[in-house]
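Encoded as structure tokens, the structure appears first; notes follow it.
The values are calculated or read from the model by the stated rules, or taken from the named source; none is laboratory data. All values reported here derive from a predicted model rather than from experimental measurement. Positions of Cβ are backbone-derived with ideal geometry, glycine not excepted, and every protein chain shown enters the neighbour counts. For the accessible areas, the whole protein counts, side chains as well, though only heavy atoms, and no ligand, DNA or RNA atoms are used. Shrake-Rupley method; radii C 1.70, N 1.55, O 1.52, S 1.80 Å.
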Amino acid sequence: MYGAQLIEALRRAYAHVGTAALGCPAERSSAAPALSSASDLEFFGVGGDRMRAAGCDTVIEAKDLAVVGITEILSHLPKILSLYKNLIAEADRRQPDLAIVIDSPAFNWRVARQMKKRGIPTVYYVAPQFWAWRQGRVRLLRDYIDKALVIFPFEEKFYRDRGVDATFVGHPLAEMSHPAVERQDYAREHRLDRDKPWIVLMPGSRVKEARMNLPTIMEAAGQLGSAYEFLLPVAPTLERTFIEKLVGKASITLVPEALPALWHARAGIIASGTATVEAAMMATPFVMVYRVSPLTYALGRWRVKVPRFAMVNLIAEQEVVPELVQHDFTAGNVVSQIKKILPDGPARDAMLEGLGRVKSRLRSPDQGNGLHPAERAAGTVLSQLKADKRG
């Protein structure tokens, strides 16, 4: 999603500044092809449906890299290594003027290292969360990245203090408008009872996450009972048939997109990750849950450098939403916590106030200029490209 937003913003920004402003030569050369319009911008790399729709030639499917956990990644290493080699070979063939890597640090810092060896300037959009763990790896950004674009306000100082050229551009989700679809229309489309409270279930966007989190989430839904409608948005990185098999005959409605479900839901049971930020942007109270394999948890827990797991709690610098992680993540605990925020009252009001504070903090300092974070990121990317060509 972030990649698609950035591609579209780059095309708009390039159409505005033109080739002359970038310092591109008037005639094509193998080192720096001249571009005459935004349509001449070419993108290739790792992505999915949204990036393809934005005009990116996705030589590698993003979902093929969607692995989480220390131990879980071991069985996928041969495939990931093959995809990595294919991507670098494609870069050698196409010789890009600039590389943009997005999130996925275990994969992308290696891509950045190869770009550095080839003299290709590299921008990191959605910089790694090295402030949370493995802080020593900040050196990887110093060594291989020309510019880091960060989406959380506290990250700019963290990275700059450690010698990384970082700029906070705002979170891409912070400027989202609410879905336009009306509740009654959404209910009709998905055969939902609009008079019941809706609870959205989001077990994670990776196969392993869904397998680890969804069974307990479903158990909690079963305990809450038929007084509620349960909606499960299928992440674009997951196959619908895979989720259908996990859900089985449970009374859960699968829907294609997260934001409309969050917007119309009374509450959510949501796995740690970007979905928690989406819930905050949609002002949907929720309980955060997460589970990994026991070995991954044992190996990783002592390395975590932050006091909380949920991104919204880190941004707010206090517990806005309850965190049920590993052994605390039981159906009984989920039900107990979500029953506190379903009815109107002090607990729900306090959470809504906290989620509103999170949304405010995720907006960039210059939000008054009306620019979307992706547009600010695009401006910085084009400046980087311009500086490189002048250099």
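Summary of values
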| quantity | calculated |
| --- | --- |
| Sum of side-chain charges, Met176 neighbourhood, beta-carbon under 10 Å (Lys, Arg +1; Asp, Glu -1) | -1 |
| Sequence-distant residues sharing a close amide H with Ala271 (under 5 Å, placed H) | Met202, Gly204, Val289 |
| Under 5 Å, built H, 5+ apart or other chain: amide partners of Asp57 | Phe43, Phe44, Gly45 |
| 20 °C / 1.002 mPa s Stokes-Einstein diffusion coefficient of region 154-230, Kirkwood radius on C-alpha pairs, µm²/s | 130 |
| Mean Cβ neighbour count within 10 Å, used as a protection proxy, ranking 189-200, 104-115 highest first | 104-115, 189-200 |
| Most to least packed among 234-243, 205-214 [average Cβ atoms within 10 Å] | 205-214, 234-243 |
| Three-way shape call for region 94-179 based on the alpha-carbon gyration tensor, with the a/c threshold at 1.5 | oblate |
| Long pairs among Lys196/Lys245; Lys63/Lys147; Lys249/Lys339; Lys63/Lys117; Lys79/Lys157; Lys339/Lys359, criterion Cα-Cα beyond 29 Å | Lys79/Lys157 |
| Whole-number percent relative contact order across region 245-361, with pairs defined as alpha carbons under 8 Å at least 6 apart | 28 |
| Per residue accessible area in Å² of region 317-366, where ligands, DNA and RNA are left out and the probe is 1.4 Å | 50 |
| Amide H contacts under 5 Å for Gly48, placed H, 5+ residues apart | Ala62 |
| Per residue accessible area in Å² of region 70-182, where ligands, DNA and RNA are left out and the probe is 1.4 Å | 47 |
| Principal axis box of region 212-297, alpha-carbon based, largest edge first, Å | 36, 28, 26 |
